[in-house]
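Quick notes on the structure that follows.
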Amino acid sequence: MLSSIECPCCGNQDSNLLKPEGAHWRCLACGNGWESEVVPTAHRPTAATLSRLGSEIRGVEQVIAVLRTPDNGFSRLAGALSSGDLQAYLETRGELGESLRGSITESLERLRTQPRLALFTLSCLLTDDPLSVTPDVEVRSLDDLVRLLAPATPGREATLAGFCALIADGRLGEWLRTRVPVGGEDTLAAMDAVLRTYPGEPDLAVYTLLWRLAPDLGFPVGDGWVKTTKELAAWIDRDDDHRTRGLDLLDRGWVGTWLLANGRLDASGDLSARVPLGLTRAARAETLLWLLDPDVPGPRVLAEPARLKLSFKSSSPESTIGVTLRSEGPGYAWGSVDLQGAVPGVELLTRQFDGTPSTVSLRVRPSTMRPGVSRDLSLVIRTYGPREDHELRVPMRLRIRGSATAMARTTTSGPWALNTFRLLLGGASGAVIGATLGVLAGGILSVVVVFLLGFPAILLLLFIHNIMELLIEYVGKTVGTIGIAAGIWIGLVFGATNAARSWLSTVVLVAIAIALVLYGIENQGSVVATVQDISWFQ
């Protein structure tokens, strides 16, 4: 609307005391004169002024007649439009009504830099003429637009192309401003937002209007239509090519605009957060399916092997352990990996997996762990799903075996008095056990008996050692075991050789005993593992 006039000297705004003098104004209150671009209503252009257009225009009907010419009267009205004469003239026409005059002023001022579009909008405001979409198609109402673009309508593609052209030059938007009922401003705002966000998708702006006018219209896919989000998910899930096409529709704004227009996505919802760009394309496609159809089943992930039993010598070099992940059923699997119960010397190298088959790797450094360590750990594999994440656990038992040197070092590293007590107690207990076994074996060939009893005795030795490991988890725990081992073999050797009464057999038995003890100590991890696998102790 035109601004009011105020004297810059005394602030007078009384129109009776403000007198126009050509391009100047004079205030009768203080006598001040000044220039102003604002022309009072009494001095706005009349028919005589508009006669400069080439032929006299003496009413709104003549303005409408000029606007109905092929170029919307641009050749005749452009000059009056740019000078403001046309706007000023129409603002004096009382027959237009105050509301219409206000709409004319708003539109002409908003489109001041777009004269052709301004004259088109003026024509839409002053007439009920239909909108020409193609040479053969015209629309008079929003219902016509929905009908012409409904599925299976003859000539639909040509009509859609016509609407896209009207979107591109702004005419469809301006026509809609004059036809959308009260309360339809959100629809126009949604179209404007689509045009700003996806400038290369004019047809998406048309569909934005269609989906708001007809929420049940459906979604165009290829040569057909889908009515529900579940049907769209099924179409995308046909094969890899359709998944790629589904992501393309998502990235070009089609899926989000449809969900927003028909109310399936909250206006405050951020679709990019629901289907993050940081994921791989395969993971994004799977996430899109879950968004459209939460009932789509996620894949079931399996681990090979399902359990891990790791045994190392403390002197073993660094090792890398791998667990292979595979999936059953349709869909794409990805997720995270964690290690529970971790100890120093065990490092999880794989924190994420994307797709299957995939390998989860662990690094074990036996040299950084003390001999005799026994730990239960778990690999926790979490696979993302449509409603909740799925968790898979891979149990893992880790044992670090000590060599004879390491065990001796461990034995002497604890409190001296306590270790000595353990050694004596273990030796006394072992001597009783060994002597009993030796006496029983005395009536048989000593070498054969001791050899045959050697392996069971080692199993007994290591079984006792295993119990001690579970009960005594600190430095020096092997002292008692060594004491028992020594007692068993000393008692066994001397008990058996006493019956044999042979110095030669004594030497042989002592040598065999020493060899078996050293072998058992050096390879206790593998023997213990064997015992655990075949006994109730597992």
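Readers should treat all values here as calculations from the given coordinates under stated rules, not as data from a laboratory. Quick caveat: nothing in here was measured; it's all calculated off a predicted structure. All Cβ positions, glycine included, derive from the backbone under ideal geometry; neighbour counts span all protein chains shown.
Which trypsin sites (Lys or Arg not before Pro) in segment 96-135 sit in a loop by DSSP (not H, G, I, E or B) and have at most 16 other Cβ atoms within 10 Å of their own Cβ?
Those that pass, being in a loop and sparsely packed, are R112.
Any idea what % of Cα-Cα pairs in segment 132-207 are farther than 19 Å?
Of all Cα-Cα distances in segment 132-207, 32 percent exceed 19 Å.
Scale the Cα Rg of segment 283-330 by the rule-of-thumb value 2.2 N^0.38 Å and send over the ratio, two decimals.
Computed over Cα atoms of segment 283-330, the ratio equals 1.89.
Would you pull out the residues with amide H under 5 Å of V373's amide H, same chain only if 5 or more places away, H placed 1.01 Å from N?
So V373 has HN proximity to I400.
What do you get when you divide the Cα radius of gyration of segment 313-377 by 2.2 N^0.38 Å, with N the number of residues?
With N residues counted in segment 313-377, Rg over 2.2 N^0.38 Å equals 1.35.
Stretch E106-E318 to full length: gain in nm at 0.36 nm per residue minus the Cα-Cα span?
The E106-E318 span can extend by a further 68.5 nm.
Apply 1/(1 + (r/R0)^6) to the Cβ-Cβ distance of T228 and N32, taking R0 = 60 Å, and write down the FRET efficiency to the nearest 0.05.
The formula returns an efficiency of 0.25 here.
For segment 241-318, what is the largest minus smallest coordinate of the Cα atoms on each principal axis, given in angstrom and ordered from greatest to least?
For segment 241-318, the Cα spread along each principal axis is 66, 29, 24 Å.
With θ set to phi - 60° and the Karplus curve 6.51 cos²θ - 1.76 cosθ + 1.60, what are the ³J(HN,Hα) couplings of segment 70-79 in order, to the nearest whole Hz, using x for Gly and Pro?
So the Karplus estimates, Gly and Pro as x, are x, 9, 6, x, 4, 5, 9, 10, 4, x Hz.
Rule-of-thumb check for segment 175-292: C-alpha Rg over 2.2 N^0.38 Å?
That works out to 1.08 for segment 175-292.
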